[in-house]
Structures are given as structure tokens and as C-alpha cells.
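Just below is one structure, and these are the notes that go with it.
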Amino acid sequence: MEGTTLRTARLALRPVRDEDVDRILEYRNLPEVTYWLLRTEVEPVAFRAAWRRAAADPDDHSVAVTLAGLVIGTVSLDVVDGMGQPGMPARTEAQLGYIFDPAHGGRGYATEAVAAMVAHAFTGLGVRRITAGCFADNLASVRVLEKVGMRREQHGVGDSWHAERGWVDGYTYALHADTWRATPR
């Protein structure tokens, strides 16, 4: 999202800056946050390098979500090729993810930011389908995905490894551009 800033009623979604990484790590490494992540531990130097690589990748549209200038979350959107036979158009799908500071939870910020990224993917990037996954028991994430109009397409029984709980169920959600366009907002 080189240089692109998206704005909502309360938030700004902008490219991550080097100086944001320490703030992101403050909440990203909290036990209540890592409990629901696939990568439970990140080393700060490697994490910073990953954000720099993402900023240089034209298919990575990850952003910092700011509230009155404070980074309260991140939303990632990776544009990818879909599944299909030869001749299929390239870069028509996107994979969505997000992490928010729990200190700012329960106020709709994640839903607002994710909805803005979904709109940008469909209207600004020309994506035709977005997918997202989560642990089935991560009810906060389930609510965000459903509030932005995504539909549960898969319930994987015992398909996801959780470090503390063992094999647990996972969900895959998706939203097609045509469905999004047909839904009143």
C-alpha cells in the first residue's frame, strides 16, 4: 500500500513505519493476543525485517491502524493467485488477517478497519475474492469476519494445532466481490 492511507470515521489505515514496530510488538506479544495467533513468538529484529519486506512487496497491502495517531492494530492483505487452470487471471484473490491491541477491544475498531480494507481490496485493488482463517473458538475474530459480511466456507474439525490446547477446530471465511457489492452498507 505504498503511500496509500485509508480513512474511516475514526481510524487511519496507513503503511507501517519502522517506528511503529516497537508499538506493534507491545500488544502483539501479549499472552491474550498470542493465544490466538499461529506464530506465538516473534523476535523483534526478525519482525522488523518482515515488515520491511512487506512494505517492498507490491502484493502485500498490510497497514497499521491508528486512532488519533496511536497504532492500535494491523490489518494484513496479501493479494495472491487463485486456484485454477492455465489462463486464469493473476492476483485475483486476497488473504486477510488482523491483530489488535486488546486495550482497544470492544469498541468496533477491528470491524471498522477490516471493513475498510475489504472495501479497498474490492474497489481499489480489483480483487474478486477474500479469504481469512481463524481458530473456531476465537469468537472475537469470528464476529469481526461475520460483521464485515464474510461467510464461513469451511469448518475444519481438528485441523488446527494450538500450542496449549492441541488439535482444535478452525474456520475459513470468504467474501466474493459480487456479494460485497450487492450488500447494502
Inset, instruction - Using label points projected 7 Å from each Cα along Cα→Cβ, tell me how many nm separate residue 49 and residue 162, to one decimal. - result: 3.2
Inset, instruction - Step through the residues of segment 26-43 one at a time and calculate ³J(HN,Hα) from phi using the Karplus curve (6.51 cos²θ - 1.76 cosθ + 1.60, θ = phi - 60°), rounding each to whole Hz and writing x for Gly and Pro. - result: 4, 9, 4, 9, 5, x, 6, 8, 5, 3, 9, 9, 6, 9, 7, 10, 10, 8
Inset, instruction - Classify segment 1-52 as rounded, prolate or oblate, taking a ≥ b ≥ c as the square roots of the eigenvalues of its Cα gyration tensor: rounded when a/c is under 1.5, otherwise prolate if a/b is larger than b/c and oblate if not. - result: oblate
Inset, instruction - For segment 148-156, take each phi angle, set θ = phi - 60°, evaluate the Karplus expression 6.51 cos²θ - 1.76 cosθ + 1.60, and give the result in whole Hz per residue in order, putting x for glycine and proline. - result: 8, x, 6, 10, 6, 9, 9, 10, x
Inset, instruction - Per DSSP H run of n ≥ 4, the term is -39500 (n - 2.57); total these for the chain, divide by its residue number, and report the mean residue ellipticity at 222 nm rounded to 500 deg cm²/dmol. - result: -8500 deg cm²/dmol
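What area, in nm² and to one decimal, does the C-alpha convex hull of the chain cast on average over all directions?
Numbers: hull surface 44.3 nm².
Averaging across all directions leaves 11.1 nm² for the Cα convex hull.
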Inset, instruction - Could you work out how far the C-alpha centroid of segment 1-39 sits from that of segment 83-132, in angstrom? - result: 15
Legend entry - For q = 0.10, 0.16, 0.17 Å⁻¹, Debye-computed log10 I/I(0) when each Cα of segment 79-185 counts as one equal scatterer: -0.32, -0.78, -0.86
Inset, instruction - Heavy atoms only, probe 1.4 Å: what % of the accessible area of the chain goes to carbon and sulfur, would you let me know? - result: 53
Inset, instruction - Compute the relative contact order of segment 76-185 as a whole-number percentage, counting only Cα pairs closer than 8 Å that sit 6 or more residues apart in sequence. - result: 23
Inset, instruction - Work out from phi, with θ = phi - 60° and the Karplus expression 6.51 cos²θ - 1.76 cosθ + 1.60, the ³J(HN,Hα) of each residue of segment 131-137, listed in order in whole Hz, and give x for Gly and Pro. - result: 10, 8, x, 7, 5, 4, 7
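Taking the solvent-accessible surface of protein heavy atoms with a 1.4 Å probe, what is the per residue accessible area of the chain in Å²?
54
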Inset, instruction - Give a quick list of trypsin sites (Lys or Arg not before Pro) in segment 1-91 that DSSP marks as loop, anything other than H, G, I, E or B, with at most 16 other Cβ atoms within 10 Å. - result: 10, 17, 39, 91
Legend entry - Globularity index of segment 110-155, i.e. its alpha-carbon radius of gyration over 2.2 N^0.38 Å: 1.16
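Taking the Cα centre of segment 76-176 as origin, sum charge times position over the Cβ atoms of Lys and Arg (+1) and Asp and Glu (-1), and report the length of that vector in debye to the nearest 20.
On the way: 9 positive and 11 negative charges, 64 e Å.
Charge dipole, segment 76-176, about its Cα centre: 300 debye, nearest 20.
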Inset, instruction - Taking 7 Å along the Cα-to-C-beta vector as the label spot, tell me the residue 57-residue 139 distance in nanometres, rounded to one decimal. - result: 3.3
Inset, instruction - Report, as a whole number in µm² per second, the diffusion coefficient that Stokes-Einstein gives for segment 56-110 at 20 °C and 1.002 mPa s using the Kirkwood radius over alpha carbon pairs. - result: 164
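The values are calculated or read from the model by the stated rules, or taken from the named source; none is laboratory data. Note that the structure is a prediction, hence the values are computed from the model and not measured. Note: ideal-geometry Cβ built from the backbone for every residue, glycine included; neighbour counts use all protein chains shown. Just the protein is used for accessible areas: all its heavy atoms, side chains included, with ligands, DNA and RNA removed. Shrake-Rupley method; radii C 1.70, N 1.55, O 1.52, S 1.80 Å.
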